[in-house]
Each structure stands twice: as C-alpha cells, then as structure tokens.
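**Student:** Questions regarding the structure given below will be posed in turn.
The values are calculated or read from the model by the stated rules, or taken from the named source; none is laboratory data. Computed from a prediction, not measured in an experiment: that's the story for all the values here. Here the Cβ is made from the backbone with ideal geometry for all residues, glycine too, and neighbour counts use every protein chain on show.
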Amino acid sequence: MAAEIAQARAGLPSIDPAAFDCYLGDVVGSVAEWTEGDPVNVLASLICVTGVNLGQGPHVRAGDDLHPLLVWPLIVGRTNSGRKGAGWATAKRIAAAAVPDFVTHNLKSGLTSGEGLAAMFTDTDTDEGDGEDTAGPARPRSGGRLPPGDRRLLVFENEWAGVMARMRREGNALSATLRGAWEGGDLSTLAVTARIAPTSHVGIVAHITPDEFKSKVSASDLAGGTYNRFLPIMVSRSRFLPGGQGAPLAVINGVGAALSERLEQGAKLGNLGFTADGADYWAQLYVEFGSDINETGPVEQFTSRAAPNCLRIAAIHACLDNDTAITARHLAAAAALVRYSIASARAVFSHDQTAARIVAFVAADPDGRTKTQITSGLFKNKPPKELNDVLEQLVNAGQLTAVDRPRTDGKSGRTARLYQANIASLPK
C-alpha cells in the first residue's frame, strides 16, 4: 500500500513540519493513525472551527484593521484519493467532543445567496423562499437559524463547486457578502426587505477538486477578491484503513475535554499583542507575505491575503495557549501553513500535467525509475529533449532526485541515472 500512498501524494507540495508545532498540531498527531484524512486537512479544519468558536472577543490588529480570528480553508483534493471528507469527519468529531452544543447549533451548510447568509444574523426574518430578496412583513426568527444573540456561524460545504455556480448567477450577492463576512463585518442590507445584521463571525470549510476549481473560477472571480480570503490546502489520502473505526472514544473524549478547556479560556481574551520575539518575526513575515511573489496572475491573486491569514492563524494558536501575546513560535507554525497554501495554489493552477504524471509514475516505484522506464511508460512518442527538459525542471524544483546508479553487470560504461520522487512527507 505504500506505493499507492506515495503515488497519490506525488502531486502535493512538501509541508514544513513546523506547521504542526502548535497545540492543534498535537491534537492532529494524537488521532492521525486512525484516519485516512490528510493531517494538514484536519489541522486547517480545526483552525477554522476553533477560530469561529472563540467568538468575537479575541482579535488582533494590523494598523487600523481589526482582524477577527476567521480562517477559511479551501480543501482541494481529488474525488477519491483526496479523502477530503475523512479529514473533515475527524475534525468535526473532535469539535463535537469539545463543544457539542456549538456543533449542533452553529454548524450549517447550504450557502445560497447573500440575503440568506445575512439572515442568519438577524433576530427577525421573512418568508424569503430561496433566500433572494422578497417583500414581506418581519416575523420571529424561524428554525434553523443561529441561537439568539450568537453571531458565530461555522459553514461546511462539501461541494463548493455548486456554491461557485450559484455565486455567478445574475443578481446573487453572495460573493460580496462573503467578502464582508471575512472582515467580521456588517452584513446588513438595503433591499426591499432590509436585513439588520451589524455583526457576524463566519468561518467556512469548503471542499472542491482541482479540476472543478480551475474550470469554474474566472479571472474576474479572482480579481474581485473573494478567493484571496480563502486558504487553499491541497490534500490527499494519508493511509489505507480498511474497516477503520476512527480513533477510540477514550482518545476523542480526552482530546475534546482538553480542547474545550482551552477554548473556554481563550474566548475570554481580547486584543492580542506580540512578545518581543513575536514582533521581530512578524516584521519579517509581513515583508515576506506582503511582497509580490513573482507568480502567475491567478496564483498571486489567490494568495494576496497571505499576511493577514498568517496573523489570524498565529492569533488562534496564541488563544489556545491562553497567551495574550503572539510569540515567534505561534507565527512559525502559522507561516509554515501559509507557505503550504501558497504552494497549494501554485499546484492548483499548474498547467503542466506532464510533470504531474511523471512524478506520479516515478513515485509508484519506491526504488525510483530510470529515464528508459519513464520513456517506455509515458513518453514513447515524444522527443527525448522534451522529457529531458521536464526531468531537469522537476529535479530543480525538488520534486525529483536524480541518483547515478552503478552498473551491476560488471561491465564498464555509463551509470544509469535513477529518478526518485520526493513525496510530501506526513508529520510523525
């Protein structure tokens, strides 16, 4: 099975283990052996869940901007091997053990329109049907809304492609409303039936395949700024667990109890500052993530909010440690995840399918492949120079390693060059 796992993960970027050097990383490690979900999927999902649960009290400032602890992971993986749902199921199970009422009442699905989203934060609603603007008298809040006075909404969408299609319908204001929600802002409307929703605290975990995203996102979507609010995370299966039952109940309950206590304490915090080492490191990261990354247009547009995402993630880590100041360690874990998201965006928009096929083909054999084997398997009718160029690019990018293998037949002559895949490693 190791070869199949290696092949499935061949197209993923490498992740710095520092991303897991945090409390939530420890949580992921405690259940990793019992889930097929990618550890980075579980981590990113838990970051979103905890940020929403902490509420509107804890926050961090960047200049005059107040950042709520909202992080929106866009989990990108293939339909089968991605095991997107497995990662979410693990994160949700942990959350349900920690804050069962929150998962029951504040976790929703089914984004349809801007009006529908804004209505979640009002104390009255109207008979609006599908969530579009309609006239009608106000009436008390109906079932399915948030608890009165609670502005925390966790949205899970396992088919984000459908949401993307709805956002592109004429007259649908969902895209603009999402941009406001990421700011933790006022979602009130001035339509025929006004919505009074002065505050919101919305987190989104969205799932999609690479092909669906590339086929449905447009240049105007990226330029409009909705998708740079999201944190793209490429994922794949971490292991095969036929007949798996998930983590033992005792493990989940133990993790849940500890997380519940940390969430309760963290929710009491307010504006988070920096320690001395945190301030110094943030100054470096602010330049790193705030500068042009010299990427193609779509990648740069998709990741242009890397700096605030890094700050928000670090603040969540600080809250879960009950720290009133963000440390360099919190920032290092956040930065590692953000760098992975940038690499994920690069992978999502890569048009070089030949390179991806070569990496997957090489990864299928743990011992590696020779150029002759790659040629016979993939390049029978293509010029040798094309293969040489792609192999050189993959070696330079660190996706393949070239090793000269000595001859074993006792004859003199050129050694055979063996290519081995550098598979995105899993945290221990």
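**Student:** What number of residues within segment 318-371 satisfy the criterion of being out of contact with any Cys (no Cβ under 9 Å at 6 or more places or on another chain), surrounded by fewer than 24 Cβ atoms within 10 Å (Cβ to Cβ) and not in a helix (DSSP H, G or I)?
**Tutor:** 16
**Student:** Hey, among GLY377, GLY290, GLY278, which residue is without any contact (Cβ under 8 Å) to a residue 60 or more places away in the chain and buried (at least 18 other Cβ atoms within 10 Å of the Cβ)? Step through it out loud before you land on a result.
**Tutor:** Working: GLY377 fails: buried (at least 18 other Cβ atoms within 10 Å of the Cβ); GLY290 fails: buried (at least 18 other Cβ atoms within 10 Å of the Cβ).
Selected residue: GLY278, the only one of GLY377, GLY290, GLY278 that is without any contact (Cβ under 8 Å) to a residue 60 or more places away in the chain and buried (at least 18 other Cβ atoms within 10 Å of the Cβ).
**Student:** Go through segment 38-56 and give me each residue that's farther than 20 Å from ALA10 by Cα and of a type in the set (Val, Ile, Thr).
**Tutor:** The answer is ILE47, VAL49, THR50, VAL52.
**Student:** Given the criteria of a type outside the set (Phe, Trp, Tyr), surrounded by fewer than 24 Cβ atoms within 10 Å (Cβ to Cβ) and either in the same structural domain as ALA96 (by TED's automatic domain parsing) or more than 26 Å from SER109 (Cα to Cα) (or both), does PRO58 qualify? Show your work before the answer.
**Tutor:** Values: of a type outside the set (Phe, Trp, Tyr): yes; surrounded by fewer than 24 Cβ atoms within 10 Å (Cβ to Cβ): yes; either in the same structural domain as ALA96 (by TED's automatic domain parsing) or more than 26 Å from SER109 (Cα to Cα) (or both): yes.
Yes, satisfied.
**Student:** So which of SER238, SER215, SER260 ends up being among the small types (Gly, Ala, Ser), assigned to a helix (DSSP H, G or I) and modelled with pLDDT under 95?
**Tutor:** Sole residue among the options that is among the small types (Gly, Ala, Ser), assigned to a helix (DSSP H, G or I) and modelled with pLDDT under 95: SER215.
**Student:** Starting from residues that are more than 18 Å from ALA345 (Cα to Cα) and touching a Lys or Arg at 6+ places or on another chain (Cβ under 8 Å), keep the ones in segment 64-85 and report whichever is surrounded by the most Cβ atoms within 10 Å (Cβ to Cβ).
**Tutor:** Going through the qualifying residues, I end up with LEU69.
**Student:** Please verify whether LYS380 is modelled with pLDDT under 80 and over 24 Å from SER344 (Cβ atoms), treating the condition exactly as stated.
**Tutor:** Taking the combined requirement at face value, the residue satisfies it.
**Student:** Identify, from the list VAL60, VAL52, the residue that is touching a Lys or Arg at 6+ places or on another chain (Cβ under 6 Å) and closer than 27 Å to ASP186 by Cβ. Steps first, please.
**Tutor:** Details: VAL60 fails: touching a Lys or Arg at 6+ places or on another chain (Cβ under 6 Å).
Result of the check over VAL60, VAL52: VAL52.
**Student:** Within segment 98-143, which residues are modelled with pLDDT of 90 or more and of a type in the set (D, E, K, R)?
**Tutor:** Selection gives ASP101, LYS108.
**Student:** Quick check on this structure: which one of LEU178, LEU153 is assigned to a helix (DSSP H, G or I), closer than 16 Å to VAL202 by Cα and either of a type outside the set (D, E, K, R) or at pLDDT below 90 (or both)?
**Tutor:** Result: LEU178 is the single residue among LEU178, LEU153 that is assigned to a helix (DSSP H, G or I), closer than 16 Å to VAL202 by Cα and either of a type outside the set (D, E, K, R) or at pLDDT below 90 (or both).
Here's the yes/no breakdown for (1) under 18 Å from the mean Cα position of the chain (by Cα); (2) charged (D, E, K, R):
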position: ALA3; (1), (2): no, no
position: GLY11; (1), (2): yes, no
position: ASP16; (1), (2): yes, yes
position: PRO39; (1), (2): yes, no
position: PHE102; (1), (2): no, no
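**Student:** May I ask you to list the residues in segment 27-55 that are among the polar types (S, T, N, Q) and either outside the structural domain of GLY225 (by TED's automatic domain parsing) or surrounded by 24 or more Cβ atoms within 10 Å (Cβ to Cβ) (or both)?
**Tutor:** Once the filter is applied, which keeps residues that are among the polar types (S, T, N, Q) and either outside the structural domain of GLY225 (by TED's automatic domain parsing) or surrounded by 24 or more Cβ atoms within 10 Å (Cβ to Cβ) (or both), segment 27-55 yields THR35, ASN41, SER45, THR50, ASN53.
**Student:** Give the residues of segment 369-395 that are closer than 12 Å to ALA416 by Cβ and in contact with a helix residue (DSSP H, G or I) (Cβ under 6 Å, 6 or more places away or on another chain), sorted by residue number.
**Tutor:** The one that is closer than 12 Å to ALA416 by Cβ and in contact with a helix residue (DSSP H, G or I) (Cβ under 6 Å, 6 or more places away or on another chain): ARG369.
**Student:** I'm trying to understand the selection: among the residues of segment 181-212, which are outside any loop (DSSP other than H, G, I, E, B), over 23 Å from SER350 (Cβ atoms) and at pLDDT 85 or above?
**Tutor:** Across segment 181-212, the qualifying residues are ALA181, TRP182, HIS201, VAL202, GLY203, ILE204, VAL205.
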